[in-house]
Amino acid sequence: MRLARRAAAAAVIAAAVSAAAWGATSSTASTNGASATSVTPSCHLANGIKHVIEVTFDNVHYNRDNPNVLSDLEQMPALNGFITSNGTMLSNNHTPMIGHTADDIITNLSGLYGDRQGQGLTNTYETYGSSGTVTPKSSFAYWTSTYGVDSFPNQPYSAKVPAAGSPPKTPPAPWVPYTRAGCDFGGVSTANIELENVNPDLANFFGASSPEVAQLNADSDSFKDAEVADYVGLGVHCAQGSAFCANAQGVKYGQTTPSSTAVTDSLPDEPGGYAGFQALFGHKYLQPQLKAAANKPDGTRVVNGHTYEVYDSAGNLVDLNGGELDGAFLSHYPGFPGFGGISAAQSLAYVADMQEAGIPITYAYISDAHEKKFGQSGCSNSGTAQGPGDSCYAQTLAGYNAAFDTFFKRLADDGIDKSNTLFIFAADEGDHFAGANADRAVTPSCTGTPDTTTYSCTYPAGTIGEQQVSIHGLLSAQEGNSTPFYSEPQGDAVFITGNPGPKDATTRTLERDYLSATVNDTYDNTTETVAAYAADPEVEQLLHFVNADPARTPSFTVFPRPDFYLSTGTGDPTSNPKTPNCPTSTPATAAANCVVINNGFAWDHGYYAPEIDNTWLGLVGPGVAHKGVDGFTAGQGPSSEDGSNQNPQPVTGVKNPGTWADHTDIRPTVLALAGLKDDYVDDGRVLVEDLTVKPGKTGQPKFDDLAKCYKQLNASVGQFGTDVLVADTKALKTGSSTSDTTYTRFGSELKLLGTARDAVATKIKNDLFDAEFDNKPIPGDVDLKACQGVLIAAALLAK
């Protein structure tokens, strides 16, 4: 989840999700035909694909969170039906670890796990300084930004595993294969591929003495809302010679006549170089270009006898409901509506405008459907989070459904449909609804008919919410451990002050105490350990969230039981009425005094749990099979109702028969269908099971078996990742201050196994890539046998 920016600023968590935008030439569409504006003539893709539209949701679920309440997608039949009737819904897709908005979206965009694309934790990351102190930074920053506190960029790239970066570089950019192929690339609110922060982005792209920076400096608003609305959240990466960027003009701050608004699209680390490309950033500079989508003087677009409003009487772009697109926290100020709450009607309007203005490749982000939206009232929970069946939750999903219904009709009138367009729909992560497990203490009061949209639920006041644990006070009061550390929750990455090593007595004692600490679980009426699993740096690396910057490696990471949310930073919150008593509690009272229901939030992610790490992927278009649903139906789970918080099942315990995939597989699958190729080997593989075309040598029988084994070997929440996490958790609990032989012995075995895993996985993904993109046959059976051997060894280690 990307929190609202004002709240996030206070918590040092950026409230931004970014958008990449693409540009292309524009012309007036026929008022009688059903054809879209001509795209850049130089844009050539394979398999009859003329357009690519990818939409990523934040926390929108295919699976039900209450067995009687239709899931998010079931309440969006316009989208759900479009996918299942025209293509394939993969219900056995997965997140990387740690499953969170920034990591998941960047993984999707790049086809790389966090160890290689540089953002493997949550929406923030921490860096150790030379003195051992910790500095937190936002993960949401422009793709090439250098906001780090050391020599590494925000996203440190690694060409290999284990991650290493010398000299430090940023990952190859996601838009490059498209723009090199002559296709303008655009998007809305998608992480890190447009400007994310006015400072220092405006100076970096427009220049320190530019009108844009002058506007920023003149704005007395500390939040810089006007500049965010003008320049952040939307961007266009143009092909060489694209008229969309070349002809873009606007009146800049302090000026009276129009001038060029495009800037150099600079990618200094791009393999093979990247010269002669331009980009266009922000609503202010995109609006004049996107208004070309209208073909009538009144701001409407008329095709096939249907009328769609593009801009209003004031000349400002509107959403799919006709509402003016205004900046967040501003009144009638045209601009980007913000990352945290951008709706389907807003995001999809930008996509339609871009496509109609001749931009053939568009990516978009749509915000969380589980949170109360601006202007909503009558919700059963006064906080942000709403439970399944709540009237506000249902209202949001109904609005999203209506937006998709309009969106698909508008595109079809433009001649943009399944016959010529590759559609990709996904969600960054799943979530656990705190307190929702079956047979627990808090249940909603529901009316209507189950499994229909008439079924409505309300929740007892003050009962919805994650159970917030004051972890520093709990460890001090209950375990007698006051070691100073920084906590990065979801999952709980721990950075011990001074950065002691993995075998240091301080580290090992804190790990044992973390895994022993207990709190009272209101929803289960039991006392439970806070932690479900834990990982030391060796397993953190094997789960792919140790990147090329060694200063960002957590001392260890705890994956809490899903109902619990651990406090952020170096101390505990003091605002809760209960937890201030935590530090002075006795061991006997700490379990009760150090936890309280936080009604502001109720959907936890970033942990290791099936309902969190399982998500979905929808594919429609040329080359995509018409399977309907590949895997479990929505009512089969996994969901927050499965099991209890006390004993959550492993991700691998869900025996979904559908094609096993994760976010790294999306990019190679899309590029293979489009006839494009990355300049690096992806961590994912092409999902040929759900395609009617077999790129390269993927039609070989050997490919399927090897690809399936590879996912279980290398995916963060596959069989290998699960087994080493389980084994590490057991080992971390052992030993004492005087003897730690069990953990030491385990560490030696794990290191050998991890080295083997990395070597075998690297060999296999190179072979798969060669088959997918270079038409080379899969070599022999050695790779498959090696893969199976490493999986067997990991399973034995976990016993």
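Only one residue in S91, S71, S85 is in a helix (DSSP H, G or I), in contact (Cβ under 8 Å) with a residue 60 or more places away in the chain and of a type in the set (S, T, Y). Which one?
So the residue among S91, S71, S85 that is in a helix (DSSP H, G or I), in contact (Cβ under 8 Å) with a residue 60 or more places away in the chain and of a type in the set (S, T, Y) is S85.
Applying the selection to the stretch 674-684, what residues are closer than 23 Å to K418 by Cα and either modelled with pLDDT under 95 or touching a helix residue (DSSP H, G or I) at 6+ places or on another chain (Cβ under 6 Å) (or both)?
Answer for the stretch 674-684, where residues must be closer than 23 Å to K418 by Cα and either modelled with pLDDT under 95 or touching a helix residue (DSSP H, G or I) at 6+ places or on another chain (Cβ under 6 Å) (or both): L676, K677.
Only one of these conditions is not met by P560: (1) within 21 Å of the chain's Cα centre (by Cα); (2) within 21 Å of Y128 (Cα to Cα); (3) crowded, with 24+ Cβ neighbours inside 10 Å. Which number is it?
For P560, the failing item is (2).
Considering each residue of the stretch 301-330, count those that are open to solvent by 20 Å² or more (accessible area, probe 1.4 Å), closer than 23 Å to I416 by Cα and part of a strand (DSSP E or B), and give that number.
Of the residues in that region, 6 qualify.
Please state which of the following conditions L202 fails to meet, knowing it meets all the rest: (1) under 26 Å from T362 (Cα atoms); (2) assigned to a loop (DSSP other than H, G, I, E, B).
With respect to (1) under 26 Å from T362 (Cα atoms); (2) assigned to a loop (DSSP other than H, G, I, E, B), L202 is out only on (2).
Between residues in the stretch 122-138 that are aliphatic (A, V, I, L, M) and residues that are open to solvent by less than 50 Å² (accessible area, probe 1.4 Å), which pairs lie under 8 Å by C-beta distance while being six or more apart or on different chains?
Pairs found: V134/E126; V134/T127; V134/Y128; V134/Y486; V134/F495.
Name every residue in the stretch 479-500 that is outside any loop (DSSP other than H, G, I, E, B) and open to solvent by 30 Å² or more (accessible area, probe 1.4 Å), in order of residue number.
E479
Pick out the one residue from G415, G389, G335 that is more than 26 Å from V302 (Cα to Cα) and not polar (S, T, N, Q).
On inspection, the qualifying residue turns out to be G389.
Could you run through the stretch 217-261 and say how many residues are part of a loop (DSSP other than H, G, I, E, B), open to solvent by 10 Å² or more (accessible area, probe 1.4 Å) and hydroxyl-bearing (S, T, Y)?
Count: 5.
With (1) open to solvent by less than 10 Å² (accessible area, probe 1.4 Å); (2) in a loop (DSSP other than H, G, I, E, B) as the list, and A707 as the residue in question, which single condition is left unmet?
Here A707 clears every test but (2).
Counting only residues that are part of a helix (DSSP H, G or I), buried (at least 19 other Cβ atoms within 10 Å of the Cβ) and out of contact with any strand residue (DSSP E or B) (no Cβ under 7 Å at 6 or more places or on another chain), how many does the stretch 683-701 have?
Within the stretch 683-701, residues that are part of a helix (DSSP H, G or I), buried (at least 19 other Cβ atoms within 10 Å of the Cβ) and out of contact with any strand residue (DSSP E or B) (no Cβ under 7 Å at 6 or more places or on another chain) number 1.
Could you tell me which residue of the stretch 49-68 is surrounded by the fewest Cβ atoms within 10 Å (Cβ to Cβ), considering only residues that are within 17 Å of the chain's Cα centre (by Cα) and either within 19 Å of E641 (Cβ to Cβ) or without any contact (Cβ under 8 Å) to a residue 60 or more places away in the chain (or both)?
Among those residues, the one meeting the criterion is N59.
Determine the pairs where a residue that is over 17 Å from A246 (Cβ atoms), located within the stretch 256-271, has a partner that is open to solvent by 60 Å² or more (accessible area, probe 1.4 Å) and part of a loop (DSSP other than H, G, I, E, B) with Cβ atoms under 9 Å apart, the partner being 6 or more residues away or on another chain.
Correct list of pairs: T257/V251; P268/K169; D269/K169; E270/D679; P271/D679.
Which residues, counting only those in the stretch 344-373, are of a type in the set (D, E) and either within 18 Å of the chain's Cα centre (by Cα) or at positive phi (or both)?
If the condition is that a residue be of a type in the set (D, E) and either within 18 Å of the chain's Cα centre (by Cα) or at positive phi (or both), then D368, E371 are the ones that fit.
Can you name every residue in the stretch 750-765 that is touching a residue at least 24 places away in the same chain (Cβ under 8 Å) and either exposed (fewer than 15 other Cβ atoms within 10 Å of the Cβ) or among the aliphatic types (A, V, I, L, M) (or both)?
Hits for the stretch 750-765 are L750, K751, L753, A756, V760, A761, I764.
Return yes when K799 is of a type in the set (D, E, K, R) and at pLDDT below 95 and no when it is not.
So K799 fits the description; yes.
Which residue, of L286, L267, is in a helix (DSSP H, G or I) and either of a type outside the set (S, T, Y) or more than 27 Å from the chain's Cα centre (by Cα) (or both)?
L286
Here's a check for you: in the stretch 571-595, which residue that is buried (at least 21 other Cβ atoms within 10 Å of the Cβ) and β-branched (V, I, T) is farthest from the chain's Cα centre (by Cα)?
By that ranking, first place goes to T579.
Across the stretch 501-511, which residue is most open to solvent (accessible area, probe 1.4 Å) among those that are more than 26 Å from N645 (Cβ to Cβ) and either part of a loop (DSSP other than H, G, I, E, B) or free of Cβ contacts under 8 Å to residues at least 60 places away in the same chain (or both)?
K503
What residue, of L543, L515, is under 30 Å from P167 (Cα atoms), within 30 Å of the chain's Cα centre (by Cα) and at pLDDT 95 or above?
Going through L543, L515 in turn, just one is under 30 Å from P167 (Cα atoms), within 30 Å of the chain's Cα centre (by Cα) and at pLDDT 95 or above: L543.
Could you please let me know if L768 is farther than 25 Å from T506 by Cα, in contact (Cβ under 8 Å) with a residue 24 or more places away in the chain, open to solvent by less than 60 Å² (accessible area, probe 1.4 Å) and of a type in the set (A, V, I, L, M, F, W, C)?
Spelling it out, L768 is indeed farther than 25 Å from T506 by Cα, in contact (Cβ under 8 Å) with a residue 24 or more places away in the chain, open to solvent by less than 60 Å² (accessible area, probe 1.4 Å) and of a type in the set (A, V, I, L, M, F, W, C).
Among the residues that make up the stretch 393-413, is at least one of them of a type in the set (D, E), within 30 Å of S110 (Cβ to Cβ) and open to solvent by less than 50 Å² (accessible area, probe 1.4 Å)?
no
Conditions (1) at negative phi; (2) open to solvent by 10 Å² or more (accessible area, probe 1.4 Å); (3) of a type in the set (D, E, K, R), marked per residue:
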| site | (1), (2), (3) |
| --- | --- |
| D72 | yes, no, yes |
| T84 | yes, yes, no |
| N93 | yes, no, no |
| L112 | yes, no, no |
| N123 | yes, no, no |
| T127 | yes, no, no |
| T133 | yes, yes, no |
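Step by step: first the residues of the stretch 213-255, then only those that are within 15 Å of G358 (Cα to Cα) and of a type in the set (A, V, I, L, M, F, W, C), then the one that is nearest to the chain's Cα centre (by Cα). Which residue is that?
Filtering the stretch 213-255 for residues that are within 15 Å of G358 (Cα to Cα) and of a type in the set (A, V, I, L, M, F, W, C), the one nearest to the chain's Cα centre (by Cα) comes out as V236.
Looking only at residues that are modelled with pLDDT of 95 or more and among the aliphatic types (A, V, I, L, M) in the stretch 414-465, which one is nearest to D613 (Cα to Cα)?
My answer is A427.
Hey, could you check the stretch 728-741 for residues that are open to solvent by less than 60 Å² (accessible area, probe 1.4 Å) and in a helix (DSSP H, G or I) and say which is farthest from N481 (Cα to Cα)?
By that ranking, first place goes to D728.
Residue-wise test of (1) part of a loop (DSSP other than H, G, I, E, B); (2) surrounded by fewer than 24 Cβ atoms within 10 Å (Cβ to Cβ).
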{"site": "N295", "(1), (2)": "yes, yes"}
{"site": "S347", "(1), (2)": "no, no"}
{"site": "Q355", "(1), (2)": "no, no"}
{"site": "G358", "(1), (2)": "yes, no"}
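The values are calculated or read from the model by the stated rules, or taken from the named source; none is laboratory data. Here the structure is a predicted model, which means the values were calculated and not measured. Virtual Cβ from ideal backbone geometry, glycine too; neighbours counted across all protein chains shown. Note: areas computed on protein heavy atoms with side chains; ligands, DNA, RNA excluded. Shrake-Rupley method; radii C 1.70, N 1.55, O 1.52, S 1.80 Å.
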